[in-house]
Amino acid sequence: MALLIFFALVTLSHAIFLLKAKKSLWKLHFTLNSILWSALLTWLGFAQFQDSDLFFSAPIKWAGRLIAVAGVFLVFRVGTVLNLEELMGRRFFYPSESKKIDGGIFKYLNNPMYDGFILILVGLGFYLGLSFDFYLAGASFILLNVFLASVENYKFSLNPL
């Protein structure tokens with residue numbers, strides 16, 4: 001539960017900075033939110049070492065591995081297309097220096113990194129048998145694909161997919 005609350009607070013902090021973006025706040029936003037996202041991802045990583053509370057068959061576990069690997073690939077692919085500053089929303093602070101990326105995977109998904117996070121969490125949930133991974137996947141969809149995407153995407157619709 002604490003991890004979900006922290007996830008919500010990190011997302012809210014990121015969104016507030018993007019909504020109030022001023023060049024003078026860029027370094028503060030980048031530093032603070034880099035630390036917060038790093039702490040969240042570290043906490044999430046350590047949380048994977050809990051005892052399983054769900055039990056799946058071997059084929060479901062293998063499918064979970066494949067789903068998680070697909071999610072990791074998606075996250076790293078987006079990371080190679082965008083640099084860390086662009087991932088942290090630099091375009092809101094320096095809009096004249098930014099360009100829209102709408103090729104490759106961005107042609108099919110509005111927020112492929114967020115979709116990658118969901119795939120990782122669902123895959124880990126099946127592979128490791130941890131119910132909170134499924135809760136975090138749902139929270140990721142709501143907090144990232146719906147809430148944060150509504151802040152980040154100018155032409156947001158109620159269907160974030």
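The values are calculated or read from the model by the stated rules, or taken from the named source; none is laboratory data. All values derive from a computational prediction rather than experimental measurement. Quick reminder, even Gly has a Cβ in these numbers, built from the backbone with ideal geometry, and neighbours come from all protein chains shown. In case anyone asks, the SASA skips ligands and DNA or RNA and just uses the protein heavy atoms, side chains included. Shrake-Rupley method; radii C 1.70, N 1.55, O 1.52, S 1.80 Å.
Here is how the numbers come out for the structure above:
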| read-out | value |
| --- | --- |
| Portion, in percent, of the accessible area of the chain that falls on carbon or sulfur, probe 1.4 Å | 69 |
| Angle between the chain longest axis and helix 58-81 axis [Cα atoms, degrees, rounded to 10] | 10 |
| Estimated dipole of the chain in Debye, rounded to 20 [Cβ of Lys and Arg +1, of Asp and Glu -1, Cα centre] | 600 |
| Angle in degrees between helix 2-19 and the longest Cα principal axis of the chain, rounded to the nearest 10 | 20 |
| Filtered trypsin sites (Lys or Arg not before Pro), the range 12-49: DSSP coil and at most 15 other beta carbons within 10 Å | K20, K22 |
| Label of the coordinate-derived value, P(r) over Cα pairs in 10 Å bins from 0, in percent, listed as (i) 10, 37, 36, 14, 3, 0; (ii) 10, 39, 32, 16, 3; (iii) 10, 32, 31, 18, 8, 2, 0 | (i) |
| DSSP loop chymotrypsin sites (Phe, Trp or Tyr not before Pro) with at most 15 other Cβ within 10 Å excluded, longest remaining stretch of the chain | 56-107 |
| Within the chain, helix-based [θ] at 222 nm, where runs of 4 or more DSSP H residues each add -39,500 (n - 2.57), nearest 500 | -20000 deg cm²/dmol |
| The range 35-120, dipole about Cα centre (Lys/Arg Cβ +1, Asp/Glu Cβ -1), debye to the nearest 20 | 280 |
| Mean separation of Cα contacts under 8 Å (6+ apart) over length of the chain, as relative contact order % | 31 |
| Angle between the chain longest axis and helix 112-128 axis [Cα atoms, degrees, rounded to 10] | 20 |
